[in-house]
Amino acid sequence: VTRQANSDAVADCTFALMLALARHIVPMNAAVHSGNWGYAVADDVHGGTIGILGFGAIGQRIAKRAAGFEMRILAHDPYLPEGRFAELGAAKCEPEEIYRTADYIVCTGPLTKERFHIINAETLSMMKRTAYLINTARGPLVDEAALCEALKSGKIAGAGLDVFEEEPCRSSPLFGLENVVLLPHLGGHSKGATHNMGRMNIDNILAVSAGKPCGNIVTV
């Protein structure tokens with residue numbers, strides 16, 4: 001894939017999940033379609049606290065969107081220079097502070113051995129009962145069994161997942177829960193992202209043909 005071509009698309013999807021959860025979009029849409037003029041009190045995104053686990057290209061774009069909502073931004077990334085957090089209006093934090101403090105906890109970044117199941121029964125127990133978890137990165141960052149239990153017991157308010165431990169996900173105990181919004185790993189797919197991929201590939205081909213270094217990293 002072409003590096004960072006779909007970063008904005010994933011950041012948009014992350015915010016779409018946050019807003020859908022906070023505003024109860026899915027159940028209220030179903031209520032109206034069924035002829036029931038449903039009503040649910042929304043949680044606020046504006047002015048809330050977002051915690052971003054992984055502050056690379058996507059995480060930083062999420063932070064820029066959060067700034068527009070005047071959110072308090074907490075972020076963790078051990079590899080990022082200190083000054084980059086401040087540039088984006090984010091406070092550099094350890095994961096434990098994010099778990100205990102954030103209203104919206106967002107998983108971004110790669111799946112590594114160290115990050116396998118970073119969201120588990122222990123970390124979920126640290127979160128506020130009003131917190132929402134969003135994962136638009138890699139499914140195995142989250143222990144789905146522990147998440148399901150936390151959602152059923154009310155340990156957290158809800159979750160939005162675009163990725164799963166096994167894909168395609170055909171069956172899951174998460175399917176029957178009303179406080180979950182699930183998507184089929186489509187966060188990186190948008191018209192703009194597709195355009196970016198094509199443009200970057202063409203730029204790379206032209207660069208190689210001219211004996212110049214590629215401006216974008218391409219892997220296969």
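For segment 151-168, a residue qualifies if it is in contact with a Phe, Trp or Tyr (Cβ under 9 Å, 6 or more places away or on another chain), open to solvent by less than 20 Å² (accessible area, probe 1.4 Å) and either assigned to a loop (DSSP other than H, G, I, E, B) or without any contact (Cβ under 8 Å) to a residue 40 or more places away in the chain (or both), and exactly one does: ILE156. Out of the residues in segment 169-178 that are in a loop (DSSP other than H, G, I, E, B) and either touching a Pro at 6+ places or on another chain (Cβ under 8 Å) or over 18 Å from ALA22 (Cα atoms) (or both), state the one that is least open to solvent (accessible area, probe 1.4 Å). Filtering segment 169-178 for residues that are in a loop (DSSP other than H, G, I, E, B) and either touching a Pro at 6+ places or on another chain (Cβ under 8 Å) or over 18 Å from ALA22 (Cα atoms) (or both), the one least open to solvent (accessible area, probe 1.4 Å) comes out as SER172. Applying the criterion of at least 1 residues that are buried (at least 21 other Cβ atoms within 10 Å of the Cβ) and touching an Asp or Glu at 6+ places or on another chain (Cβ under 8 Å) to the strands (runs of 3 or more DSSP E) found wholly in segment 82-150 leaves 132-135.
Residues considered: LEU182, LEU206. Of these, the only one that is surrounded by 12 or more Cβ atoms within 10 Å (Cβ to Cβ), at pLDDT below 70 and out of contact with any Cys (no Cβ under 7 Å at 6 or more places or on another chain) is LEU206. Within segment 1-52, the residues that satisfy the criterion of being under 22 Å from HIS76 (Cα atoms), open to solvent by 20 Å² or more (accessible area, probe 1.4 Å) and not in a helix (DSSP H, G or I) are ARG3, GLN4, ASN6, HIS46, GLY47. Checking the structure you have, find out if any residue of segment 59-67 is of a type in the set (D, E, K, R), open to solvent by less than 50 Å² (accessible area, probe 1.4 Å) and without any contact (Cβ under 8 Å) to a residue 60 or more places away in the chain. No; the residues of segment 59-67 include none that is of a type in the set (D, E, K, R), open to solvent by less than 50 Å² (accessible area, probe 1.4 Å) and without any contact (Cβ under 8 Å) to a residue 60 or more places away in the chain.
Apart from one condition, ASP43 fits all of (1) touching a Gly at 6+ places or on another chain (Cβ under 8 Å); (2) charged (D, E, K, R); (3) at pLDDT 95 or above; the exception is (1). Looking at this structure, is THR108 under 25 Å from ASP44 (Cα atoms) and in contact (Cβ under 8 Å) with a residue 40 or more places away in the chain? Yes: the conditions hold for THR108. Please verify whether segment 185-193 includes one or more residues that are surrounded by 11 or more Cβ atoms within 10 Å (Cβ to Cβ), assigned to a helix (DSSP H, G or I) and modelled with pLDDT under 90. Checking segment 185-193: at least one residue is surrounded by 11 or more Cβ atoms within 10 Å (Cβ to Cβ), assigned to a helix (DSSP H, G or I) and modelled with pLDDT under 90.
The values are calculated or read from the model by the stated rules, or taken from the named source; none is laboratory data. Treat the numbers as computed from the prediction; the structure is a model and nothing was measured. Reconstructed Cβ throughout: ideal geometry from the backbone, glycine too, with neighbour counts over all protein chains shown. Surface accessibility is based on the protein's heavy atoms, side chains included, excluding ligands, DNA and RNA. Shrake-Rupley method; radii C 1.70, N 1.55, O 1.52, S 1.80 Å.
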